Amino acid sequence: MTHYALIGHPLGHSLSPQIHRALLAAAHLEGDYRLLDIAPEDLANRLPELQTLRGFNVTIPHKQAVLSAMVELDEKAALFGAVNTVAVRGGKLYGYNTDCYGFLRSLSAAGIPLAGRVLVLGWLPAHRRKVVPWRQKLPKNAAPR
């Protein structure tokens with residue numbers, strides 16, 4: 001059986017285990033998905049436990065804090081300075097950021113075009129980096145049309 005988790009703090013509100021367990025069952029995969037409520041000051045001490053999983057999702061407040069534990073980052077994780085998905089291979093952590101794809105797909109599903117001048121309100125990890133035009137930095141098939 002493979003084991004997956006969501007790490008963050010606090011996590012009492014999360015429906016991730018129910019969602020991911022249903023997805024595993026629908027795909028006929030043996031696996032489990034659980035919540036690991038990890039306080040920021042405990043993250044470093046919990047890394048060995050995380051390395052035993054097949055993978056895990058990351059939410060606040062750990063999206064930036066886990067960066068230093070990754071052996072490799074995908075282009076989006078490096079660009080935005082945040083990780084929300086981690087694959088564990090051979091005990092090594094590989095970081096990915098899928099937030100931008102989810103954001104763009106939700107706009108597309110709602111029929112909201114991403115064209116012209118766009119104002120996005122909210123907190124994004126990219127706030128510490130230069131402003132990046134979304135369309136220019138994503139593969140053509142990822143941007144809504």
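Only the coordinates and a few stated rules stand behind these numbers; no lab work does. Keep in mind that what you see is a predicted model, and the values were worked out from it rather than measured. As a convention, Cβ positions derive from the backbone with ideal geometry for all residues, glycine included, and neighbour counts pool all protein chains shown.
Some observations on this one:
- Between Leu35 and Ala78, the simple spin-label model (points 7 angstrom out along Cα→Cβ) gives 3.5 nm.
- Neighbourhood net charge (15 Å Cβ-Cβ; Lys/Arg +1, Asp/Glu -1) for Leu43: -2
- Here the Kirkwood formula puts the hydrodynamic radius of the range 15-118 at 15.3 Å, using every distinct Cα pair.
- Trypsin sites (Lys or Arg not before Pro) within the range 75-117, DSSP loop, no more than 14 other Cβ atoms inside 10 Å: Arg117
- Simple spin-label estimate for Leu23 and Thr59 in nanometres, 7 Å along Cα-Cβ: 1.3 nm
- Contour excess over end-to-end distance, with Cα ends at Ser68 and Arg89 and 0.36 nm allotted per residue: 5.9 nm
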